[in-house]
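Report on one structure; see the data block that follows.
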Amino acid sequence: MLRNVSTTAVILFCTAALTAYGGQDWKSGIPWQKPAAVVPAQNPAEPPADAVVLFDGKDLNAWDKNSWLIENGELVCNPGKGSLSTKQKFASVQLHIEFAVPKDISGKGQARGNSGVFWGGYEVQVLDSYNEDTYFDGQCGAIYKQCPPLVNVCRKPGEWQSYDIIFNRPELKTENGVVRVIRPAYITVLQNGVLIINHHQIQGTTFFNRPPAYEAHADKMPLMLQDHGNKTRFRNIWVREIPDTDAHPEPVKAAYYE
Ligand code: MG
């Protein structure tokens, strides 16, 4: 008799618990497209199978000119020879890039290994900020003159560092010569695996001599590495084009919810 009472109590408890949580599985009903399968690299710094490799130590075929140097599989800025832009243009992207400012730099402030990683006219600063101050929204990892990094995770000059950048392009519309921002650009940056820029809303082109402002540009733009007069090095550069943040995959005919 006692056993029966106990069993009944368990059944009642389970029924109450199921009722409390709705009692059945809930599904959104949205027939999402099946996510594409992508083979990841063994090392997350290496390109996954669907990445566009921009520099793997061998050549500058992905870039608009070959005026920079390749030394020991590393891409070295050749001061005075101009910035490098990708031949291919990209919409929103995930970008991985590794850099090292010169070990023997002796300049001050902005003259310490200055370079930059750009999508169109928007710069993530490359600089030595290990033990050297400059204006904070111009230090390494800053969105230039718009937003300092959350923390300073710089390594010493000469040591390799990484950026993983998620850049969501802006949507702009020009009407009667006036640029309207339909959707601003947003950027997230991890430096050496640490979050330093968290979904920052970009205010416009990152000028050095005036406040940021949006200027008309195409939906897809080249990526650019800046020649700022320093022999800063780069390696292992790859990119993946990604959907815009407010773009949902197109629902397809229901496969799982019919
Ligand atoms: Mg720069």
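Observations on the structure shown:
- A Cα-only calculation for the range 52-241 places Rg and Dmax at 15.8, 51 Å.
- Exposed-site-free run, longest, the chain (rule: trypsin sites (Lys or Arg not before Pro); DSSP loop; at most 15 other C-beta within 10 Å): 109-219
- Gap separating the Cα centres of the range 83-102 and the range 127-144, nearest whole Å: 19 Å
- DSSP loop chymotrypsin sites (Phe, Trp or Tyr not before Pro) with at most 15 other Cβ within 10 Å excluded, longest remaining stretch of the chain: 33-134
- Percent carbon-and-sulfur accessible area, the range 52-241, ignoring ligands, DNA and RNA, probe 1.4 Å: 48 percent
- Candidate cross-link partners of LYS65 among the lysines, defined by an alpha-carbon separation under 21 Å and a same-chain spacing of 8 or more, comprise LYS81, LYS87, LYS89, LYS220, LYS231.
- Using C-alpha pairs under 8 Å with a sequence gap of at least 6, the mean separation divided by the residue count of the chain gives a relative contact order of 27 percent.
- Residues with amide H under 5 Å from that of GLY116, placed H, sequence gap 5 or more: VAL126, GLN226
- Angle in degrees between helix 2-20 and the longest Cα principal axis of the chain, rounded to the nearest 10: 40 degrees
- Modelled FRET efficiency - R0 22 Å, ASP219 with VAL178, Cβ distances, 0.05 increments: 0.75
- FRET efficiency estimate (nearest 0.05) - Cβ-Cβ, GLU46 to ASN66, R0 25 angstrom: 0.55
- Cα centroid separation, the range 39-81 to the range 182-218: 23 Å.
The values are calculated or read from the model by the stated rules, or taken from the named source; none is laboratory data. This structure is a prediction, so every number in the text was calculated from the model and none was measured. Glycine also receives a Cβ, built like all others from the backbone with ideal geometry; neighbour counts cover every protein chain displayed. Note: accessible area is taken over every heavy atom of the protein model, side chains too, but ligands, DNA and RNA are not part of it. Shrake-Rupley method; radii C 1.70, N 1.55, O 1.52, S 1.80 Å.
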